[in-house]
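The values are calculated or read from the model by the stated rules, or taken from the named source; none is laboratory data. Treat the numbers as computed from the prediction; the structure is a model and nothing was measured. Note: ideal-geometry Cβ built from the backbone for every residue, glycine included; neighbour counts use all protein chains shown.
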Amino acid sequence: MSASLPTQGCQQPEVPVPFYLPAADEVDLFTAAVESSLPVMLVGPTGCGKTRLVEHMAARLSRGLRVVVGNDDTTTADLLGRFLVHGGDVEWRDGPVTTAVRRGEVCYIDEVVEVRREAMAVLHPLADDRRRLHLDRLGESLEAADRFALVCSYNPDRAVGFRDLRPAFRQRFVTIALDYLSANAEREVLVREAGLTDDAAGRLVRIAAALRYGIGERGGDAPSTRLLVNAAHLLVRGVAEDAAVEACVIQPLLHGRERADATALRELAMAI
Ligand SMILES: Nc1ncnc2c1ncn2[C@@H]1O[C@H](COP(=O)(O)OP(=O)(O)OP(=O)(O)O)[C@@H](O)[C@H]1O
Ligand SMILES: [Mg+2]
């Protein structure tokens, strides 16, 4: 197998339901889509809860979860499977999509815009009412098990984006747009995820709001909920707030920025 295989993982159906705080009606929409055998597309910025929502929903719906993270080397074989030489014999090995289709799992293709066009095309008959997967190399066509669900996601802020997904692909999905949570909800996430006090969580959220506003005016990455959760973990371990904010929030935002911007970001954060 190539070194560029997509990251894969499997969550068993009986795992405890991971914590997910809904921003709006996304849990209901997701449930209704999956129960109608419709595929789901999640669109939202980095660290806004896309992966967590899928983990939450799979556990809540008592379905196994198979994860593929797309990259520009993701081929059809990476998704569907390939023949491998094993002990002198040539054997077929199912890829993650095929396994999920056979077992009736949730198949989550993260960063789907990165997947190569030809690999995406094999998903078309799976993402509509045919719910079929054609395995050309095996000369087989599989009907997806009842509990199979296809979920894809991408971040629209990345260089490649919505326009790169063909209309024929996009228009198969129930599409749920996610964004960063409201201040109160984000505070609750920090308390639940890291065990931070409500006051300290409130301060981190206000710092994030100031940075998001300031960065929005200048252009650049906005701090994600993930960065705040990281900072919250350090605060719980006794790290001082300015050090935690610098290491977990300011520095990760600085890629390619001028030093002057770093100072401006620190000023925004420390004004809280
Ligand atoms: N609504 C939410 N409920 C609970 N936790 C959340 C929520 N949103 C974000 N988080 C927290 O933020 C972290 C990052 O979220 P997640 O990994 O789901 O982001 P993502 O949208 O998949 O980002 P990426 O596009 O970078 O993969 C989670 O591990 C969790 O701690
Ligand atoms: Mg993710």
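Data overview
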quantity: Conditions (1) among the β-branched types (Val, Ile, Thr); (2) more than 23 Å from Asp129 (Cα to Cα); (3) in a helix (DSSP H, G or I); (4) more than 18 Å from the chain's Cα centre (by Cα): number failed by Thr51; calculated: (4)
quantity: Spans of helices (runs of 4 or more DSSP H) in the range 103-211 with at least 3 residues closer than 30 Å to Ser36 by Cα and of a type in the set (Val, Ile, Thr); calculated: none
quantity: Count of the range 227-260 residues which are assigned to a loop (DSSP other than H, G, I, E, B), out of contact with any helix residue (DSSP H, G or I) (no Cβ under 7 Å at 6 or more places or on another chain) and at pLDDT below 95; calculated: 4
quantity: Those residues of the range 212-226 which are part of a helix (DSSP H, G or I) and more than 17 Å from Leu21 (Cβ to Cβ), in sequence order; calculated: Arg212, Tyr213, Gly214, Ile215, Gly216, Glu217, Arg218
quantity: Members of the range 65-74 that are free of Cβ contacts under 8 Å to residues at least 60 places away in the same chain and in a loop (DSSP other than H, G, I, E, B); calculated: Asp72
quantity: Residues being within 8 Å of ligand 1 (Cβ to nearest atom) and without any contact (Cβ under 8 Å) to a residue 40 or more places away in the chain - total across the range 14-55; calculated: 3
